[in-house]
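Student: Below is the structure I would like to discuss, written out as structure tokens.
The values are calculated or read from the model by the stated rules, or taken from the named source; none is laboratory data. None of these values were measured; they are calculated from a predicted model. A quick note on method: Cβ atoms are made from the backbone with ideal geometry, for glycine too, and the neighbour counts reach across all protein chains shown.
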């Protein structure tokens, strides 16, 4: 690590600490901690550089080391959340370092007082985070001194003091800085650093979570960061047989998979043209007759998913079970498995014309590209459902829809964009276009399929990744980067997910 930059007349360089930097360290230590007698010794530096040189960082200003950050890797479960500085450092001998551990443990950060105000501490923290990410460690943990506590020890307990610092009612030179650098306080430690009178020997156990940590290091089968999604804006047209729709389905799967897409999304009730074959029946009976083909369509989607190596979200189809009519979407995975999501909320029209009822189960789906959710059309207009899926770590929400007017379409569109912002996820919508003059209650359609994202610097300003031409049969191919979602949730300009007041409200599935 070697980064140079100029600030006015200063030359600032961030690099790994060297044994030859000891004298500068000694001076910085004396100036930074005049009330603590336990200095770093040459033997300490030699030992820590031998076992973990890449974890020891410093900043030069005009070729003089004026700031340092030292750390170890530990197997954190051996120590847990109740430990002292001596325990986690092996009484200062650093025998606790474990190159196969999961946590980067911070044992020292200091800045020469004459160089404060140059954001050197923040630079060290950022560099330490970079080390944590590059070594694929789960988190950075440290015991943080609270030197401002001595002034308030008779007035507040350590917990009360920390809470007031977090609320910015009080300022602590170390804790306030750590909080501003995205560390959170896990608990209060007692007798953490013997002789720390300023902190009354209390400390905060602080933690920073590495959002890029990957526990499974297998070379194959890992979830992808950039995922390619395909959307079918489906043309409703008169058909003579089920084979006609099969041919149209395969045409789109073939086309989208040719771009190496991971998912393809079909619209809600895309197979409704077959209802024209049952015009001699009442409308409720016609859609129940259509439901008789649903298993056949599902099996065809499974066949296509395997044959074209793509995960298919099969729009939606009527499902008739135990005397009840549902509207359901099958996820057909490229490994041959399939799962079902039923529509939870049916529209007044679905209920009054067809007698459709809502399902009562909601879930996220595990795929080879991470967790996804499926909400059919009207369900996307109920924010609670998407929020429940987001609580299960959903990254992409797929919404097959069917709308006949621009009013209905814009309800779906605006709600889908709201779900993307609220839950910091991608939302993919696919609808039908065209008309079916021979099918009752399915005569006209309006759609503009799209892929939406949150609105922040890493994403399109409008939150629109891509969108189809309105009312035109076509496909849409888009790449979405789920690592950007991780970054947004941790460091976004606003954090709609992280900043929820869960101390005041919660959402439960009954």
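Student: Filter the strands (runs of 3 or more DSSP E) completely within the range 446-489 down to those with at least 1 residues that are outside the structural domain of residue 409 (by TED's automatic domain parsing), touching a strand residue (DSSP E or B) at 6+ places or on another chain (Cβ under 9 Å) and on the phi > 0 side of the Ramachandran plot.
Tutor: In the range 446-489, no matching strands (runs of 3 or more DSSP E) lie anywhere.
Student: Still on this structure: Any chance the range 295-311 includes a residue that's assigned by TED's automatic domain parsing to the domain that holds residue 251 and farther than 24 Å from residue 234 by Cα?
Tutor: The answer is no; no qualifying residue exists.
Student: Considering only the range 334-344, state which residues are touching a helix residue (DSSP H, G or I) at 6+ places or on another chain (Cβ under 6 Å) and either over 17 Å from residue 364 (Cα atoms) or at pLDDT below 95 (or both).
Tutor: 334, 336
Student: Next question, about the same structure. Among the residues of the range 310-317, are any at pLDDT below 95 and in contact with a helix residue (DSSP H, G or I) (Cβ under 8 Å, 6 or more places away or on another chain)?
Tutor: No, the range 310-317 has no match at all.
Student: Evaluate the range 78-89: report whether one residue or more is in the same structural domain as residue 11 (by TED's automatic domain parsing), part of a helix (DSSP H, G or I) and modelled with pLDDT under 90.
Tutor: Yes, the range 78-89 contains at least one residue that is in the same structural domain as residue 11 (by TED's automatic domain parsing), part of a helix (DSSP H, G or I) and modelled with pLDDT under 90.
Student: Continuing with the same structure: Out of everything in the range 370-393 that is in a loop (DSSP other than H, G, I, E, B) and modelled with pLDDT of 95 or more, what residue ends up being surrounded by the fewest Cβ atoms within 10 Å (Cβ to Cβ)?
Tutor: Among residues in the range 370-393 that are in a loop (DSSP other than H, G, I, E, B) and modelled with pLDDT of 95 or more, the one surrounded by the fewest Cβ atoms within 10 Å (Cβ to Cβ) is 382.
Student: Here's a follow-up. Kindly check whether there is at least one residue in the range 340-360 that is assigned by TED's automatic domain parsing to the domain that holds residue 296, without any contact (Cβ under 8 Å) to a residue 40 or more places away in the chain, in a helix (DSSP H, G or I) and touching a strand residue (DSSP E or B) at 6+ places or on another chain (Cβ under 6 Å).
Tutor: Looking for residues that are assigned by TED's automatic domain parsing to the domain that holds residue 296, without any contact (Cβ under 8 Å) to a residue 40 or more places away in the chain, in a helix (DSSP H, G or I) and touching a strand residue (DSSP E or B) at 6+ places or on another chain (Cβ under 6 Å), one finds at least one in the range 340-360, hence yes.
Student: Name the one entry in 56, 87 that is out of contact with any helix residue (DSSP H, G or I) (no Cβ under 7 Å at 6 or more places or on another chain) and within 30 Å of residue 215 (Cβ to Cβ).
Tutor: Just one listed residue meets the conditions, 87.
Student: If you check 137, 193, which single one turns out to be within 30 Å of residue 370 (Cβ to Cβ), in a loop (DSSP other than H, G, I, E, B), assigned by TED's automatic domain parsing to the domain that holds residue 102 and in contact (Cβ under 8 Å) with a residue 60 or more places away in the chain?
Tutor: So the residue among 137, 193 that is within 30 Å of residue 370 (Cβ to Cβ), in a loop (DSSP other than H, G, I, E, B), assigned by TED's automatic domain parsing to the domain that holds residue 102 and in contact (Cβ under 8 Å) with a residue 60 or more places away in the chain is 137.
Student: With more than 29 Å from the chain's Cα centre (by Cα) and within 26 Å of residue 249 (Cβ to Cβ) as the only criterion, which of 429, 412, 444, 477 stands out?
Tutor: Sole residue among the options that is more than 29 Å from the chain's Cα centre (by Cα) and within 26 Å of residue 249 (Cβ to Cβ): 444.
Student: Tell me, please, whether a residue that is farther than 24 Å from residue 183 by Cβ, in a helix (DSSP H, G or I) and either free of Cβ contacts under 8 Å to residues at least 24 places away in the same chain or not assigned by TED's automatic domain parsing to the domain that holds residue 179 (or both) can be found in the range 50-59.
Tutor: For the range 50-59, residues farther than 24 Å from residue 183 by Cβ, in a helix (DSSP H, G or I) and either free of Cβ contacts under 8 Å to residues at least 24 places away in the same chain or not assigned by TED's automatic domain parsing to the domain that holds residue 179 (or both): present.
To keep it simple, each residue is scored yes or no on (1) part of a loop (DSSP other than H, G, I, E, B); (2) touching a strand residue (DSSP E or B) at 6+ places or on another chain (Cβ under 7 Å); (3) crowded, with 23+ Cβ neighbours inside 10 Å.
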{"position": "203", "(1), (2), (3)": "no, yes, yes"}
{"position": "224", "(1), (2), (3)": "yes, no, no"}
{"position": "260", "(1), (2), (3)": "yes, yes, no"}
{"position": "275", "(1), (2), (3)": "no, no, no"}
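Student: Right, something else. Testing residue 162 on (1) more than 19 Å from residue 202 (Cα to Cα); (2) in contact (Cβ under 8 Å) with a residue 40 or more places away in the chain; (3) not in a strand (DSSP E or B), one condition comes back false. Which one is that?
Tutor: Of everything listed in (1) more than 19 Å from residue 202 (Cα to Cα); (2) in contact (Cβ under 8 Å) with a residue 40 or more places away in the chain; (3) not in a strand (DSSP E or B), residue 162 misses just condition (1).
Student: Report, by residue number, each residue of the range 111-120 that is surrounded by fewer than 21 Cβ atoms within 10 Å (Cβ to Cβ) and either part of a strand (DSSP E or B) or in contact with a helix residue (DSSP H, G or I) (Cβ under 6 Å, 6 or more places away or on another chain) (or both).
Tutor: Listed by number, the list holds a single entry, 113.
Student: Can you say whether residue 200 is under 22 Å from the mean Cα position of the chain (by Cα) and at pLDDT below 95, as far as the supplied structure shows?
Tutor: Answer is no for this residue.
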